[in-house]
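Every read-out reported here was derived from the displayed coordinates using simple, explicitly stated rules and does not represent laboratory data. These numbers were taken from a predicted model, which means no experiment stands behind them. Backbone-built Cβ (ideal geometry, glycine too); neighbour counts: all protein chains shown.
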Amino acid sequence: MDFSNFRLPLLILAALGCCSEGSPLVTDKEKGVVGKNVTFKTTITSTQDFLTVTWNFNKATEIATIITSVPSSNTNNIEEKYTNRIIYNQTTCELQLGPLVKEDEGEYILTAVTVKGKSLTGQIDLEVLEPITDVKISSNIPEPVEFNSTVVLSCSAKGSFTYQWLNGSVPLVGDGTHMKLVGNELTIAEVRRTDLRGPIFCIAKNALESGTSAPFNLTVSYGPENVVMTQTPTGSFLKKGSNLTLACSAQSDPPAQLQWMFNGEAMAQKTTANITLTSLEEKHSGNYSCVAFNAKTNRYVSSQVAVVSVLEALSGTNISSSLSLLIDGNSTVNITCSAAAGKADSTEWLKESKPVVPSDRVILSADKKTLTIVKVVKEDAGNYKCQLKNKVNQDESTYVMVVSYGPVAVKIEGKKAVKFEERAVLNCSADSFPPSVFTWKLNDTLLNISQADIIIDKASVKDSGSYSCEAFNSITGIAKKITHNLAVTEVGTVDEGLSGGAIAGIVIAVILAVIIIVCCVKCNKKSNTDIPSPY
């Protein structure tokens, strides 16, 4: 059916608006995006009372028909240029238009004429927006320097939109001073590494859609800072011949360049994070430090200084004596402690593991290296130890002091009286070093005995008498003698507790008593003989 004959009357009816009712459209404004579809919604639920339904496009200077529909015959007349661009709903009269082009922007008019001659008319304005594409972030400075640079990030995109910035998933909010948001630009003054940990996103959006940029990471150059040096082994004093390892670390972006310094001068070819000095010598003593440099920030920062002293370890410690032979009460000795290698900071003397205590006789030199004992006595003998110490080690040596003395406390032990043929033992002893040599005499007659004991297996009268023992120390040249009387008797038991004189006195007394008794008996007999007989 040719609808061209109905066009003019329908337009006249629509213009007159006779018996017209309210707008059948849901809204009077709609937005669409180039390349996408838009649907004009209605409130119509049935077209059985409609004579005709028409959609027109008012492009400022002219009104163009899009579609005319006659519900009773279920026929539609679509303008040629809208063929394949619209979808019309026969029940609700809704119109879907697309894909949109910029030229589709304008006013759309829906007119429905009922069988009773009434008309329903509605207008809707369509705004066609450009699609959002190619959203990206750019920076005015490719490598900003912390505290020095002001960074301006710009967001650009194609289409009609507004902008939003995100730091990770958190919206960025400017403070108006340090960080400012103006239009599509984000400005950060005196940027810090913590300002935008990122990644950073820019969202460009319009009323219908949005586009998000690729993640942008802002790399802020900083440092060096926290430059720290460590050494192994720790401590300021190191042994000669040992090794020293130094390590340097710094917080920096980009990573810092390192240079090792010795006594304020750069060490040749020492630019790594770790260096090792082997077989240390005294010439390696000095001040070590590490300097970190960031080529982007153009900053130099030095580590703390390590003061190292290389010392030779103590070894070959020895104690020497001024005398090889010491005699009690006569000798004054100096014993001196020294090391074959290394220099000692302190010297300590011990005797039998206890510190030597100076006195009038025991004297330490000013440097404590020499111990002097004036007129040694036997109690000075023993084990002496010298301990040398310096900052890297200690060493020691032991000296055994021997003091010759005596003899003193010479004595003879044994019985003073024995029976005839009884065993007798006499022992001579003396406190002496070295041990004394003994000489025995009986009644001043030299005996062929040189040991400490005289052993008489069967005593006889000839063994009685005065025994003398002489103890002689060949080193001190001292000889001391003591005597002991031994009595051998053939009569009775000898009281070992009486001296020889006492025993002799007792014997004489007994003999005298016997003589007196005999005399008395004889006298008594003579008296009895002289009495006259009565006969």
Hey, got the dipole for the chain? About the Cα centre, +1 on K and R Cβ, -1 on D and E Cβ, debye to the nearest 20?
-> 2380
Charge tally for neighbours of Val135 with beta carbon under 10 Å away, counting Lys, Arg as +1 and Asp, Glu as -1, is +2
Residues with amide H under 5 Å of Met267's amide H, sequence separation 5 or more or different chain, H placed in the peptide plane at 1.01 Å from N; which?
-> Trp260, Met261, Phe262
Within region 51-104, GluC sites (Glu not before Pro) in DSSP loop having at most 11 other beta-carbon neighbours inside 10 Å | Glu62
Tell me which residues come under 5 Å, amide H to amide H, from Thr347 once H is placed; ignore anything under 5 positions away on its chain.
-> none
Report the extension gain between Glu79 and Thr162 in nm, rounded to one decimal, defined as 0.36 nm multiplied by the number of residues separating them, less their alpha carbon distance.
-> 26.2 nm
If you average 1/r over every pair of different alpha-carbon atoms in the chain and take one over that average, what Kirkwood value in Å do you get?
-> 39.1
Calculate I(q)/I(0) for region 168-216 by the Debye formula, one identical point scatterer on each C-alpha and no solvent, and give its log10 at q = 0.17, 0.25, 0.30 Å⁻¹ to two decimals.
-> -0.58, -1.11, -1.32
When you take every Cα atom in region 214-290, what is the radius of gyration, and what is Dmax, the widest Cα pair distance, in Å?
-> 16.1, 61
Size of region 87-163 as Cα extents on the principal axes (Å, biggest first) | 80, 20, 19
Distance from the Cα centre of region 110-125 to that of region 421-466, in angstrom?
-> 164
Are there trypsin sites (Lys or Arg not before Pro) in region 91-189 that DSSP puts in a loop and that have at most 15 other Cβ atoms within 10 Å, and which ones?
-> Lys116
Give the angle, between 0 and 90 degrees and rounded to the nearest 10, that separates the Cα long axis of helix 4-16 from the longest principal axis of the Cα atoms of the chain.
-> 80
Of all chymotrypsin sites (Phe, Trp or Tyr not before Pro) in region 134-239, the ones in DSSP coil with at most 15 other Cβ atoms within 10 Å are Phe147
How high is the FRET efficiency from Thr194 to Thr27, r the C-beta distance, R0 41 Å, rounded to 0.05?
-> 0.30
Restricting to aspartates and glutamates and to Cα separations under 15 Å from Lys385, and discarding same-chain partners fewer than 8 apart, the set is Glu348, Glu352, Asp395, Glu396
Cross-link partners among lysines for Lys36, C-alpha distance below 22 Å, same-chain residues fewer than 8 apart left out?
-> Lys59, Lys81, Lys102, Lys158, Lys205
